[in-house]
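A.B. asks: Pasting a structure below so you can have a look.
The values are calculated or read from the model by the stated rules, or taken from the named source; none is laboratory data. All figures in this text were calculated on a predicted structure; none of them were measured in a lab. FYI the Cβ positions are ideal-geometry reconstructions off the backbone, even for glycines, and counts take in every protein chain you see. These accessible areas exclude ligands, DNA and RNA; they are computed on the full protein's heavy atoms, side chains included. Shrake-Rupley method; radii C 1.70, N 1.55, O 1.52, S 1.80 Å.
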Amino acid sequence: MERCSVEYLSEFSDCQSHSAHILQDATNLFLASGHRDVLVFNVEEKRVTTVMQFEASVTNLALSDDKCRLYALCANGGLYCTPLPQLSSSSVLVNKTPDRVLNIVSDDSIVLKNVSLQAFTIVEKILVTLSLHKSIWSFDLYEEPGSGPLRKLASFQVATVNTCCLNITDKEKCVNCPPVLTCIYPKGSTSVSSQQSDLHPYLEPRLFRLLFGVDASLVNSPVILCGLPDGRICCFPLRIPTLAGPRGEQRSPIRVLQSLEQPVVFIGTCVSGEHGPQCLVAVGQRGKLLMVRSKQASSEGKEADYSFNEHSVRGPVLCVCVDDKRLYYSSLNDLHALQLTTTSSSEATGSESQLQALTSDSLGVCRVIALARPYTNTTGSVQLLGVSLKGRLLRVNLPQASEKGNVSRLPSFLAGQRVKDLLASIGNIWERAESLKHKLQEKNESLKCLNQVINVCSLLLDTHGNEKKFNVVTKHPISCHGVARWSSLLQRDSLTLTCVLENSSECTLEHGWTLCIQVHPLSQYSNMESSSSTYSFPLRKLDSGQKMDVTIPLESVDGLSLPVKVYCSLTFSLSNLFSPEASSPGVSQLLTETGSISAPLNSLTVDWLDALRLEGSFSHGNIRHNSVMDGIQAFLRSRGTSAKDSDTTSKSGPVAVVIRVSSELLKAKLHLSVTSSAETCVSVLNWLVSPEATGQRKSVQIPVVCAYSPDGSSVKIMAKEVTLGDLCSEGPLEVLEIRVESTSVAAVCGLHHAILRRLQSLYKDLQDVQNQAALGGTMKTDKSSEILFHIFLQLRANPLVIL
């Protein structure tokens, strides 16, 4: 078959692929694109003359028998009947190109309101509707609406079937595939006028009688055929009265001709013979083609019969139309013409040869979603009117078939049009390929990012699940350490915490990761919810081996409350896996419900020892009172008024507390090889007051530390070695005595708690090691456990003492 030419008549808005409908009369097209508007297009003038706007999206159209009224079924369940607008000849003469007329169709035009209404048709002034309610298909017959209300004539019901046994896929269930209603007339019926022949198909009398019965043929009754979404093709005559069963009950006239086992998209007639169309055609959504033909009477005198022949075409089938010889259908990617007539040799060999004679030709037109009935122009060529997915009204001109069978030379204008069609098809395919390529790239990037996130989370979870595998020598792959420092801004000192995020793993922390630091006061008098603070630091990119420093304040609205617990974690927001324009509603809902994932890092405690300020490292004028009570007392003293006794300051003298710990334990922890008592005391004091993680300079040179506490009080920390002779039965024990003195009870209590916390951590480390090297190589495991137990008893027996 030669290539066809395509002409663009007009262009509208984008169409809904399963809701577009075209209805054609002599000169006008009625186009419903799945929206509220129905466009009336004049084919001769190639323009839209009228826009009929309904209250909801239009899903189906039909013309009355006299073609003076338009019926429209809308998504709100309303069936509208509105008269067609008529343009006066005077308006056309005055203005050759009048503007389009907008008609607003109100709810006064509703003749029937039923939310379960699925399809309808108008046959001989009878309105036939099909509705679905509680798994029952209901066919209702009404008199065509006039000035009065509708009058129901009859009602028939058909039960639905289970689509599982029919192999209906889930994809087809979710696609809007409404039932198809068609009226078939017998040839020679007085009701089939020249105006109605293009709206309702008909069959030659013999096939009509064989398919639908003698009664329908004798009274020339039109037959309603319905293709259901489950694949069944049902039929019933319109004029035959309801018959009674053997028990007197009314029998339904509906019977099932055949089942395509897939949604039905088209039912019609074709293959014209001497007495009319000789074939009933039905097409399924997945490409099954059913052809019902009559058989000739045999020489033995057997009665003529009919045959059901099935054929398959390439699906999915979106729209279909037929003429006398061919079936035209669109599979979205292409428009096909299927030859339905058979050769003379095949007629004698039976139905199997007829199937082999069916040949399909590609017309080279893509994205067609609705077709009107074909018609033949004055030159004898067939023309198709269709609508594309982008809302273009197309006129497809098929070449006239040659009787001699030779192919004529293609005219130059058709050759140019063919090139344009090919280029348009190439452009469409290139756009779709580029779109798919872009989507694949986005999915690959999302999967790559998700893989990195899973690797990082798995690494962090394994790290915290196996803490014993990582010691001082083996560092955590991803860790966060912090050091407390005093800073001065605008003559005001404040305590800050500098956190260092170190990435020692092989993974890269991409954009989307956030370092979260939570600060929780450990004081029992502070409100945890109001005093807690959370700080977030988004990461741009932290490669393997890189570090990132952040600084946060440790003071809250209520002031500085020590000690505080600091929790570090890495958080990843799942919305960073997708770009905003590529995120679908389903993905957006998933991200909204899931949110983000969080993996814990290190945690640390900042106490009074971390906030201690040594003399000489700051200006004394910058020392301020952190508590409200201290500020009030300073104000009263400046006015010469004696304040009442303070809860945190002793007026009788300094307060002192003593902590004693085994010298062997400290030497094993600090790896001290010195034998001098003074050097041991200096090393222990440096371990207490100097930041261990940063390895800064040794700030203590003598066994006495003079410093200021965070509340501005002067404190002293002294260390000396003493011998305890009555502690255990094994003999004298060398211990290190750490003494804290200050006039502030709060400072003494805070420093005492901080020193005990470090010693408890020391005991835990030694308990985990449990080997001779950790105890200097001189004590056995049982002996070291006994010594540690005695030290614990000593700490319990010597509580805080105020002198």
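A.B. asks: Counting just the residues of the stretch 112-129 that are open to solvent by 40 Å² or more (accessible area, probe 1.4 Å) and in a strand (DSSP E or B), which one comes out nearest to Pro237 (Cα to Cα)?
C.D. replies: The selected residue is Gln118.
A.B. asks: Any residue at all in the stretch 225-237 that's of a type in the set (Phe, Trp, Tyr) and at pLDDT 90 or above?
C.D. replies: The answer is yes, given that some residue of the stretch 225-237 is of a type in the set (Phe, Trp, Tyr) and at pLDDT 90 or above.
A.B. asks: Something else: For the stretch 198-207, does any single residue satisfy the condition of being modelled with pLDDT of 90 or more, out of contact with any Ser or Thr (no Cβ under 6 Å at 6 or more places or on another chain) and open to solvent by less than 20 Å² (accessible area, probe 1.4 Å)?
C.D. replies: no
A.B. asks: Across the stretch 402-446, which residue is modelled with the lowest pLDDT among those that are of a type in the set (Val, Ile, Thr) and open to solvent by 100 Å² or more (accessible area, probe 1.4 Å)?
C.D. replies: Out of the qualifying residues, it is Val407.
A.B. asks: Considering only residues that are under 16 Å from Ile233 (Cβ atoms) and either open to solvent by 20 Å² or more (accessible area, probe 1.4 Å) or assigned to a loop (DSSP other than H, G, I, E, B) (or both), look in the stretch 288-306 and name the one that is modelled with the lowest pLDDT.
C.D. replies: Tyr306
A.B. asks: From the list Phe54, Phe30, pick out the single residue that is surrounded by 21 or more Cβ atoms within 10 Å (Cβ to Cβ) and touching a Lys or Arg at 6+ places or on another chain (Cβ under 8 Å).
C.D. replies: Phe54
A.B. asks: Among the residues of the stretch 537-557 satisfying the criterion of being part of a strand (DSSP E or B) and charged (D, E, K, R), which is most open to solvent (accessible area, probe 1.4 Å)?
C.D. replies: Residue satisfying both the conditions and the ranking: Lys547.
A.B. asks: A further question follows. Only one of these is more than 16 Å from Asn103 (Cα to Cα) and over 31 Å from the mean Cα position of the chain (by Cα): Ala62, Ala72. Name it.
C.D. replies: Every option except Ala62 fails the conditions.
A.B. asks: Here is a check on your reading of the model: is Asp25 within 18 Å of Thr121 (Cα to Cα), open to solvent by less than 60 Å² (accessible area, probe 1.4 Å) and at pLDDT below 85?
C.D. replies: Against the criterion (within 18 Å of Thr121 (Cα to Cα), open to solvent by less than 60 Å² (accessible area, probe 1.4 Å) and at pLDDT below 85), Asp25 qualifies.
A.B. asks: Another one. Search the stretch 662-684 for residues being modelled with pLDDT of 75 or more and β-branched (Val, Ile, Thr), and hand back the single one that is surrounded by the most Cβ atoms within 10 Å (Cβ to Cβ).
C.D. replies: Val684
A.B. asks: Could you please tell me which pairs satisfy a Cβ distance under 8 Å, a separation of 6+ or placement on different chains, a first residue in the stretch 215-240 that is in contact (Cβ under 8 Å) with a residue 40 or more places away in the chain and acidic (Asp, Glu), and a second residue that is open to solvent by 10 Å² or more (accessible area, probe 1.4 Å) and not in a strand (DSSP E or B)?
C.D. replies: Short answer, once both residue conditions are applied: Asp230/Thr160; Asp230/Val161; Asp230/Thr163; Asp230/Leu166; Asp230/Ile168.
A.B. asks: A further question follows. Mind checking which residues of the stretch 558-610 are of a type in the set (Gly, Ala, Ser) and either assigned to a strand (DSSP E or B) or modelled with pLDDT under 65 (or both)?
C.D. replies: Those that are of a type in the set (Gly, Ala, Ser) and either assigned to a strand (DSSP E or B) or modelled with pLDDT under 65 (or both): Gly559, Ser569, Ser573, Ala582, Ser583, Ser584, Gly586, Ser588, Ser596, Ser598, Ala599, Ser603.
A.B. asks: For the stretch 724-760, give me the residue count where each residue is open to solvent by less than 60 Å² (accessible area, probe 1.4 Å) and out of contact with any Ser or Thr (no Cβ under 8 Å at 6 or more places or on another chain).
C.D. replies: Qualifying residue count, the stretch 724-760: 16.
A.B. asks: Does Ser57 satisfy the criteria of being in contact (Cβ under 8 Å) with a residue 60 or more places away in the chain and within 39 Å of the chain's Cα centre (by Cα)?
C.D. replies: no
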